[in-house]
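The values are calculated or read from the model by the stated rules, or taken from the named source; none is laboratory data. Just so it is clear, the structure is predicted and the values come from calculations on it, not from any experiment. Here the Cβ positions follow ideal geometry from the backbone for every residue, glycine too, while neighbour counts run over all protein chains shown.
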Ligand SMILES: [Zn+2]
């Protein structure tokens, strides 16, 4: 769980909390699961790109989960827009309502819908992946 946050006290005594507050803020943190080791995926920023990576790989290194890909967040959004949302327009509330979890494998993701159906989306059809 990502709980990095910063508490700022203003001059007037009001307290603000900025930064990343809760992992729940990011829908993919609840949905993306590593198909290899079963860990959840965590959001990172690399070279000004937002990516998602297996938590095991982040915490214990690449060798701990060698086959899990790092996903470009834009690719995940595009893929879900096509697969789940109407008219291919990204809509987070539709995804929340329709998707139960997403397993990530080395060359594809498996979208598990709440109605019990599954859909496989391979990386070749989308944006290039970062490993
Ligand atoms: Zn993993």
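If you go through the range 23-38 and keep only what is away from the ligand (no atom under 15 Å from the Cβ) and either loosely packed, with under 14 Cβ neighbours inside 10 Å or outside any helix (DSSP H, G or I) (or both), you end up with 24, 25, 26. Kindly check whether there is at least one residue in the range 3-24 that is within 12 Å of the chain's Cα centre (by Cα) and at pLDDT 55 or above. Checked the range 3-24: at least one residue is within 12 Å of the chain's Cα centre (by Cα) and at pLDDT 55 or above.
State whether the residues of the range 82-90 include one that is away from the ligand (no atom under 16 Å from the Cβ) and under 12 Å from the mean Cα position of the chain (by Cα). So far as the range 82-90 goes, no, none of its residues is away from the ligand (no atom under 16 Å from the Cβ) and under 12 Å from the mean Cα position of the chain (by Cα).
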